[in-house]
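Everything below concerns the one structure shown next.
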Amino acid sequence: MSIQNKDWYARINKMPGLSGPTLLVSGTVTVPNSNTEATLVVAAIQDKSLGLRLELQLESKGIGLTVLTDKAVAFSQPSTYDVPHISIFHDGKELTRIENVEILN
């Protein structure tokens with residue numbers, strides 16, 4: 001199944017605060033059923049390019065309508081280095097690659 005996706009955005013917030021520098025990745029995916037939840041997790045296998053590889057996971061929860069539904073998906077983690085790019089994978093295939101990671105100082 002091909003996953004439609006759009007509006008990907010990544011930034012590292014280095015503004016002073018209690019949580020320290022934080023990486024935030026967000027986007028929109030189209031899922032086949034309204035009860036499908038989409039989440040991003042760090043992939044078990046990372047490449048050697050210093051970029052970050054995330055895995056899109058889909059899980060059905062409860063009863064829903066069989067209709068294409070856009071779902072917002074987000075990922076956040078402390079970040080101690082400037083990530084040069086972020087790759088989003090699903091079922092072993094790359095959905096997108098975010099080359100422009102914004103840095104807020």
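Applying both filters, DSSP loop and at most 15 other Cβ atoms within 10 Å, to the trypsin sites (Lys or Arg not before Pro) of region 37-76 gives 48, 61. When only Cα pairs below 8 angstrom with a gap of at least 6 residues are kept, the chain shows a relative contact order of 33 percent. Restricting attention to the chain, the count of lysine pairs at 8 or more positions apart or across chains with alpha carbons under 25 Å apart stands at 8.
Rolling a 1.4 Å probe over the protein heavy atoms gives the chain an accessible area of 62 Å² per residue. Considering the chain as a Gaussian network with a 10 Å cut-off on Cα pairs, which listed residue, 20, 51, 62, attains the greatest mean-square fluctuation? Result: 62 has the largest fluctuation of those listed. FRET efficiency for the pair residue 15 and residue 45, taken as 1/(1 + (r/R0)^6) with r the Cβ-Cβ distance and R0 = 30 Å, rounds to 0.40.
Surface listing: 91, 70 arranged by accessible area from highest to lowest gives 91, 70, probe 1.4 Å. Springs between Cα atoms under 10 Å define the GNM used for the chain, and in it the highest mean-square fluctuation of 64, 17, 27 occurs at 17. Expressed as a whole percent, the accessible area of the chain that falls on carbon and sulfur atoms is 54 (1.4 Å probe). When volume of the Cα convex hull per residue in Å³ is computed from the coordinates, the matching label among (i) 83; (ii) 109; (iii) 118 is (ii).
The values are calculated or read from the model by the stated rules, or taken from the named source; none is laboratory data. Because the structure is a prediction, the values reported are computed rather than measured. All Cβ positions, even for glycine, are placed from backbone atoms using ideal geometry, and neighbour counts span all protein chains on display. In case anyone asks, the SASA skips ligands and DNA or RNA and just uses the protein heavy atoms, side chains included. Shrake-Rupley method; radii C 1.70, N 1.55, O 1.52, S 1.80 Å.
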